[in-house]
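Step one of this worksheet: look at the structure below.
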Amino acid sequence: MDSGGSVYVTDWGNHNIQKFSAAGVFRAKWGEYGQGNGQFDYPQGIAADANTNIYVTDRHRVQKFSRNGVFIAAWGTFGSGSGEFNTPHGIAIDSDNSVYVADFANHRLQKFTAEGAFIIEWGTYGSGDGQFAFPKGVAVGQTTASMWRITKTTASKNSPAAALLSTIGGIWQQ
């Protein structure tokens, strides 16, 4: 949901974004199949920043739009280097408008500025602390103090000090 109360949905099979009111009233949609700016090749994650810009993970990139679907920018290409993606899924925006992306097949998270400049990445393939096996989602709180990573079967929380939470019987403990 953006700050204006609109809800956005990535329609994976129809290669578009749909916008609704908080009450579920259809407002708009944009996009079509393709790999050009404003087009989608199976969009995955979606998030809104404090300025109501919309960010979408799609194929091997992130696209940024106005809340009305006007294309603003895109970044990323296929690869495993900093700022490159291999099937990005989840995306989240913190209170500073930093963009966090779950880079699914590269088994890592990447952080960018709102303009798409690479900041940092973390994670490698595995099941140990700080390792990921195909992360699909990411969520951030109202501050940059915490960040969740979600995989197919596990979830853990990273703080700036890299403290991890563990789950025991479905109850989170620090």
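Residues whose amide H lies under 5 Å from that of residue 108, counting only those 5 or more places away or on a different chain, are 103; hydrogens are built 1.01 Å from N in the peptide plane. Across the options 141, 1, 85, the greatest Cα extent toward the positive end of the charge dipole of the stretch 1-155 (unit charges at beta carbon of Lys, Arg, Asp, Glu) belongs to 1.
Using modelled amide H (1.01 Å from N, peptide plane; none on Pro or chain starts), what sits under 5 Å from the amide H of residue 132, excluding residues fewer than 5 places away? Excluding prolines and chain starts, which carry no amide H, the hits are 124, 125, 126.
The residues packed around residue 21, meaning those with a beta-carbon under 15 Å from its beta-carbon, carry a net charge of +3 if Lys and Arg are +1 and Asp and Glu are -1.
For the stretch 119-135, 3J(HN,Hα) computed residue by residue from phi via the Karplus equation (6.51, -1.76, 1.60; θ = phi - 60°) reads 10, 7, 9, 8, x, 9, 6, x, 10, x, 4, x, 10, 10, 10, 6, x Hz, glycine and proline entered as x. For the stretch 50-62, 3J(HN,Hα) computed residue by residue from phi via the Karplus equation (6.51, -1.76, 1.60; θ = phi - 60°) reads 5, 8, 6, 7, 10, 10, 10, 8, 7, 6, 10, 7, 10 Hz, glycine and proline entered as x. Near the amide H of residue 137, within less than 5 Å, lie the amide hydrogens of 90, 150, all on another chain or at least 5 residues away, with H placed in the peptide plane. Too long at a 21 Å Cα-Cα cut-off: which of 111/136; 29/136; 19/111? Over 21 Å Cα-Cα: 29/136; 19/111.
Readers should treat all values here as calculations from the given coordinates under stated rules, not as data from a laboratory. Predicted, not measured: the structure shown is a model, and the values here were computed from it. Quick reminder, even Gly has a Cβ in these numbers, built from the backbone with ideal geometry, and neighbours come from all protein chains shown.
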